[in-house]
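One structure is given here, and the rest of the page talks about it.
The values are calculated or read from the model by the stated rules, or taken from the named source; none is laboratory data. On a predicted model such as this, the values are computed, not experimentally measured, just so you know. A quick note on method: Cβ atoms are made from the backbone with ideal geometry, for glycine too, and the neighbour counts reach across all protein chains shown.
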């Protein structure tokens, strides 16, 4: 049961806090950050992800710019390992390696990682908030592997069933809060949640 004693782990109550896009097709179709705002929701999300990571070993968590920083840093802190930010290009003031990728909107972007970031053979768990097309995650994987790191798995709140994302599941262990084969996954693939019909921002407000 969750800390709010609302639902079993296969019906995760905090998904209903996620907000629909109100700004048009240049933006992602939903915003999961209200989960982070709500202490109970955020802790339950982390507990569910970490339960599915039990027995999965890694030396460092790599978080993808920008919202992967939130989830990745929290997982790293819970597992008592270091955190590696993988940045959008032009942000780091040290030597970097750079890769180009195509994001969910179809735009080409560059991403960077500090050089060097770790020793050969380091086990890296990569975390992003959401995996839609898989292009951003593919770029992060390339950066890690160029430095002879070993990607041991991928974590996200959800991964949509797109062709590129499905190939990532074939290559790596993947842990997602929205699990494959569930009604939530079907709604995620359709890029609309039934909870949008009753969404109220106030439900996620932190306790005063």
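Tabulated results
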item	result
Filtered residue count, segment 62-77, keeping only those that are part of a strand (DSSP E or B) and under 13 Å from residue 33 (Cβ atoms)	0
Failed condition for residue 101, given (1) closer than 26 Å to residue 205 by Cα; (2) under 18 Å from the mean Cα position of the chain (by Cα); (3) crowded, with 19+ Cβ neighbours inside 10 Å; (4) modelled with pLDDT under 95	(1)
Scan of segment 187-199 for residues that are part of a loop (DSSP other than H, G, I, E, B) and either more than 21 Å from residue 21 (Cα to Cα) or touching a helix residue (DSSP H, G or I) at 6+ places or on another chain (Cβ under 6 Å) (or both), ordered by number	193
Leading residue by the ranking (surrounded by the most Cβ atoms within 10 Å (Cβ to Cβ)) among those in segment 122-137 that are part of a loop (DSSP other than H, G, I, E, B) and within 18 Å of the chain's Cα centre (by Cα)	128
Positions within segment 44-69 being surrounded by 23 or more Cβ atoms within 10 Å (Cβ to Cβ), under 14 Å from residue 157 (Cα atoms) and under 11 Å from the mean Cα position of the chain (by Cα), in sequence order	63, 64, 68
Those residues of segment 33-56 which are within 16 Å of residue 199 (Cα to Cα) and touching a strand residue (DSSP E or B) at 6+ places or on another chain (Cβ under 7 Å), in sequence order	34
Selection status of residue 164, within 21 Å of residue 27 (Cβ to Cβ) and modelled with pLDDT under 95	yes
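Results for (1) under 13 Å from the mean Cα position of the chain (by Cα); (2) within 19 Å of residue 61 (Cβ to Cβ); (3) outside any loop (DSSP other than H, G, I, E, B), shown as yes or no for each residue.
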residue	(1), (2), (3)
111	no, yes, yes
120	no, yes, no
139	no, yes, yes
152	no, yes, yes
161	no, no, no
167	no, no, yes
170	no, no, yes
185	no, no, yes
